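Heads up: the structure comes next, in structure tokens.
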Amino acid sequence: MARPRIESVGMTRFGKRDVSFLDLIAESFEDLCSRADFQGADAIFFGSMNPEAFCSDGNQAVAVSDRLGLTGLPSIRVETASSTGAAVIQEGARAIISGQYESVLCIAAEKMTHLETRKTTKILAEVIAPSERMYGATMPALAALITRRYMHEYGMTREALAKVAVKSHANGVLNPYAHFQKNIDEGKVLGSKVVSDPLTIYDCAPISDGACCAVLSSTRGPVRIIGAGQSTDTLAVADRQTLTSFSATRRAAARAFDAAGISPSDIDVAEVHDAFTSFEIIGTEDLGFFEPGQGWRAVECGATELNGELPVNPSGGLKARGHPVGASGLAQAIEIFLQLSGDADGRQIDARHGLAQSLGGLANNNFVTIMEAVD
Amino acid sequence: MINGSECRCGFRTISIRPSCPICGKMMVQKEFPDEGRVLSYTRLQVPPEGFNVPLDLAMIELQEGPKLVCWTESELEIGQMVEVYLDQNMFKCKPLS
């Protein structure tokens with residue numbers, strides 16, 4: 001089977017950005033063009049979780065082709081809640097594998113910070129099952145229920161969670177595209193405002209604006225996509241067998257590793273969907289890097305730090321790079337591209353195989369994408 | 001008793017729904033005992049508009065398997081047995097005395 005390549009990438013800095021949704025997208029495309037020669041594309045795959053609610057704009061697949069001066073190209077919108085950016089790159093890859101297109105332009109973006117936090121939180125909570133939302137359950141509340149259960153089952157300490165945030169911020173300092181480029185210590189995490197106990201505000205990814213893009217090609221580029229998997233879970237968290245593992249990640253990972261023909265121990269660097277610090281730990285277990293209940297111990301011993309045996313979220317993750325929801329999945333793949341092509345500057349890891357994992361909604365539409373450096 | 005649905009595949013839920021989310025087969029309505037144990041709980045400090053601040057939420061597993069998110073006015077511990085009851089059409093839980 002043909003293995004599509006990533007030819008070039010571009011990003012805006014993530015964060016609180018005082019520019020429009022379409023201008024963010026144009027800025028990320030300009031970054032791509034400044035990094036590499038854009039040789040055109042046969043189609044656009046565009047993703048955004050909810051520009052209708054955040055920006056009161058519709059028909060954005062066309063707005064994007066129009067804004068970028070690419071009128072005439074097929075342009076399609078992809079959406080799977082907070083994993084939208086991962087869906088974009090997997091759909092783009094599939095289009096190339098099908099043979100219909102030689103190259104596609106993948107774009108993912110979200111503009112969120114211009115609204116009041118209450119309003120943004122309400123829009124984000126609309127992805128939650130009505131049976132849970134009607135009780136006032138938000139994403140942080142459901143994550144807190146999961147986190148407390150994990151602590152109960154596996155003895156994880158509150159300090160281990162804080163270490164995830166400290167690591168993410170340390171990596172973010174080295175990423176010029178990151179929302180937060182400032183170190184924090186454990187005391188800062190533990191002493192910050194409680195959102196939903198045991199989670200504090202430093203356990204939660206921020207609300208950010210941002211856009212990113214990548215050109216996929218059938219023949220050109222320094223990185224190959226060698227495995228892709230996606231799987232769904234029940235809409236309601238309460239309808240699942242366990243709270244401490246996300247079965248949709250496990251199924252997506254099994255498919256991706258099977259297609260790639262490699263195993264979790266072959267992965268040299270991973271971007272894991274840390275919308276909450278505990279989700280990074282659960283993610284590293286669901287992906288097969290660590291046994292169930294051992295992910296937090298790996299954090300404690302530094303295994304997932306930049307110089308550890310398996311660096312996780314060298315970009316700073318959703319926590320420090322920022323989380324413009326629909327863009328994060330593509331931004332993760334871009335970080336893996338930068339790492340595998342030797343363009344990750346001060347956070348460069350010696351890596352041949354990388355993996356990106358993205359959670360849609362409360363972990364019920366999850367993607368795993370495995371990439372390899374081309375020799 | 002609490003009204004819910006059951007599937008031949010073993011899936012049970014407290015919602016009334018026509019088909020099973022796991023296997024797609026028709027579900028049958030079933031009444032579940034209103035006692036269960038606390039799987040987890042949290043105090044949400046920033047609930048959506050229109051809800052109590054703070055908001056105490058619990059995840060309960062009923063004795064015959066289905067789980068639900070509900071409100072509580074009690075201090076809870078994981079593993080504790082609770083009674084789930086309706087108050088103005090909303091589920092709440094309290095420790096079994």
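Quick notes on this structure:
- Distance from the range A:198-244 to the range B:28-97 (C-alpha centre basis), Å: 30 Å
- Spin-label model, residue B:22/residue A:343: points 7 Å from Cα along the beta carbon direction are separated by 4.6 nm.
- Dividing the mean sequence gap of close Cα pairs (under 8 Å, 6+ apart) by how many residues chain A holds gives a relative contact order of 26 percent.
- Gaussian network model of chain A, springs between alpha carbon atoms under 10 Å - residue of A:253, A:320, A:61 with greatest fluctuation: A:61
- Inter-chain Cβ neighbour average for residues B:54-66, partner chain, 10 Å: 3
- Farthest toward positive dipole pole in the range A:287-347 [+1 Lys/Arg, -1 Asp/Glu at C-beta], among A:330, A:344, A:299: A:330
- Cα centroids of the range A:338-356 and the range A:250-284: 16 Å apart.
- Cβ charges +1 (Lys, Arg) and -1 (Asp, Glu), total dipole of chain A, debye: 580 debye
- Peptide B:6-16 has a mean shielding of 2, counted as Cβ atoms of other protein chains within 10 Å of each residue's Cβ.
- Among the listed pairs A:122/A:193; A:16/B:92; A:119/A:319, those beyond 30 Å (Cα-Cα): A:16/B:92
- Computed over chain A with a Gaussian network model linking Cα atoms closer than 10 Å, the most mobile of A:191, A:229, A:326 is A:191.
- When +1 charges are put on Lys and Arg Cβ atoms and -1 charges on Asp and Glu Cβ atoms, the dipole computed for chain B relative to its Cα centre reaches about 500 debye.
- Ranked list, fewest to most other Cβ atoms within 10 Å of each Cβ, for A:96, B:78: B:78, A:96
- Separation in nanometres of the label points that stand 7 Å from Cα toward Cβ, at residue A:100 and residue B:37: 5.2 nm
- As a ratio to 2.2 N^0.38 Å, the alpha-carbon radius of gyration computed for the range A:218-359 takes the value 1.01.
- Scattering curve values for chain A, log₁₀ I(q)/I(0), Debye with Cα scatterers, q = 0.07 Å⁻¹: -0.26
- With respect to chain A, whose longest principal axis is taken over its alpha-carbon atoms, helix A:158-173 is tilted by about 30°.
- Mean separation of Cα pairs under 8 Å and 6 or more residues apart, divided by the residue count, gives the range B:33-97 a relative contact order of 34 percent.
- Per principal axis, descending, Cα span of chain B in whole Å: 40, 33, 22
- Cut-off under 5 Å, modelled amide H: who pairs with residue A:7 long-range: A:215, A:216, A:217
- Shown for A:296, B:71: other C-beta atoms within 10 Å of each C-beta, ranked fewest to most, produce the order B:71, A:296.
- Expected 222 nm ellipticity per residue - DSSP helices of 4 or more, -39500 (n - 2.57), all of the protein assembly as shown, to 500: -9000 deg cm²/dmol
- Cα centroid separation, the range A:167-197 to the range A:62-89 (Å): 31 Å
- A straight Cα-to-Cα reach below 29 Å connects residue B:25 with the lysines B:67, residues fewer than 8 places away in its own chain not being considered.
- Positive minus negative residues near residue A:100 (Lys, Arg vs Asp, Glu; Cβ under 14 Å): -2
- Theoretical FRET efficiency, 1/(1+(r/R0)^6), r = Cβ-Cβ of residue A:188 and residue A:116, R0 22 Å, to 0.05: 0.30
- Degrees between helix A:21-35 axis and first principal axis of chain A (Cα, 0 to 90, nearest 10): 70 degrees
- With θ taken as phi - 60° and the Karplus curve 6.51 cos²θ - 1.76 cosθ + 1.60 applied, the whole-hertz 3J(HN,Hα) list for the range A:11-19 is 8, 8, 5, 7, x, 8, 10, 8, 10 Hz, x standing for glycine and proline.
- Residue order, fewest to most surrounding Cβ atoms within 10 angstrom, among A:22, A:145, B:86, A:362: B:86, A:22, A:145, A:362
- Normalised by 2.2 N^0.38 Å, where N is the number of residues, the C-alpha radius of gyration of the range A:21-132 stands at 1.15.
- Percent of alpha-carbon pairs separated by more than 17 Å within the range A:185-248: 72 percent
- Charge dipole of the protein assembly as shown about the Cα centre (unit charges at C-beta), most positive-ward option of A:288, B:5, A:192: B:5
- Estimated dipole of the range A:1-91 in Debye, rounded to 20 [Cβ of Lys and Arg +1, of Asp and Glu -1, Cα centre]: 260 debye
- Projecting the Cα atoms of A:215, A:171, B:76 onto the charge dipole of the protein assembly as shown (Cβ charges, centred on the Cα centre) puts B:76 farthest toward the positive pole.
- As computed over the range A:275-375, the Cα convex hull volume per residue (Å³): 102 Å³
- Projected label distance in nm at residue A:375 and residue A:35, using a 7 Å step from Cα toward the beta-carbon: 2.6 nm
- Straight-line reach from residue B:94: taking Cα to Cα under 19 Å and skipping same-chain neighbours fewer than 8 places apart, the aspartates and glutamates in range are A:132, B:34, B:35, B:56, B:61, B:64, B:73, B:75, B:77, B:83.
- GNM result for chain A, Cα springs below 10 Å: residue of A:35, A:17, A:149 fluctuating most strongly: A:35
We did not get these values from a lab; they are worked out from the coordinates using the rules stated. Predicted model, so just to flag it, every value in this text is computed and none were measured. Please note: Cβ atoms are built from the backbone with ideal geometry, for glycine as well, and neighbour counts cover all protein chains shown.
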